[in-house]
Amino acid sequence: MSKNKKKKKGGYKPPAISVQDTIDEIVSLSQQIFSTEEPGALWGQLHKLFLKSTVDPNVAAKIIMHKDVDELQQVLDQLQHGEEATIENKQKDEPLPELSHETKKQAMRMFRKRVKFIKLDRESKLGIGPLTTGKEATFDSVEAPHDYPSEVWKVLAAEGQLVDDGDGFYRLP
């Protein structure tokens, strides 16, 4: 008599990829990006590799979004030396212009209107059923209105009237 043997569940599992193997793949793909004229699809592959690596997703997203080879080289150097991957902000310490009280007041009024309209727009979206209403809209920051130059928004952020979330996005404190 033979015993009823149960089949083991599972199948082939590829060997785990080490951190160093992922870094080596990132380096080789980066070299291809540096050497090609049109590296469009390579940036997507690099993004997938970044997600497998120990690189902070925010740092990876910023590099991929801007397609900045200087930032990529900076992160590669950090990875190869075993450091944590970070990007230094290249902000220049330019003096902010002096603005009149009236200009600041009008700009803040316009910003608050923008926030109000965005909130109303998001809350007015109807759901599936005819009797549903929109839900309360929550969002972190909004793009500053283009009616005023970016220096105006930077001055307001420096004064504490707005919080600068980067890349032209601001929010109320």
(Q) List the residues, sorted by chain then number, that are 5 or more residues from ALA85 or on another chain and whose placed amide H is less than 5 Å from its amide H. (A) ASP56
Q. Which semi-axes, in whole Å and largest first, does the equivalent ellipsoid of the chain have when worked out from the alpha carbon gyration tensor as the square roots of 5 times its eigenvalues?
A. 45, 30, 14
Q. What is the mean projected area of the alpha carbon convex hull for region 19-80, to one decimal in square nanometres?
A. 3.6 nm²
Q: Rounded to the nearest 0.05, what FRET efficiency do ARG112 and LYS13 give with R0 = 41 Å and r taken as the Cβ-Cβ distance? Could you check?
A: 0.15
Q) What nm distance separates the two modelled labels at ASP24 and GLU143, each placed 7 Å from Cα along Cα→Cβ? A) 4.3 nm
Q.
Once you keep just the Cα pairs under 8 angstrom separated by 6 or more residues, what percentage relative contact order results for the chain?
A. 12 percent
(Q) Exposed loop sites here are GluC sites (Glu not before Pro) in DSSP loop states with at most 14 other C-beta atoms within 10 Å. What is the longest stretch of the chain lacking them? (A) 38-82
Q. With charges set only on the Cβ (+1 for Lys and Arg, -1 for Asp and Glu), what does the dipole of region 19-80 come to about its Cα centre, in debye to the nearest 20?
A. 240 debye
Q | Spacing of the two label points (7 Å from each Cα toward its C-beta) at LEU51 and ASP121, in nm | A | 2.8 nm
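Read-outs throughout are calculated quantities, based only on the coordinates presented, and are distinct from any laboratory measurement. Since the model is a prediction, treat every value here as computed from it, not as a measurement. In this analysis, Cβ positions are derived from the backbone assuming ideal geometry, glycine residues included, and neighbour counts consider all displayed protein chains.
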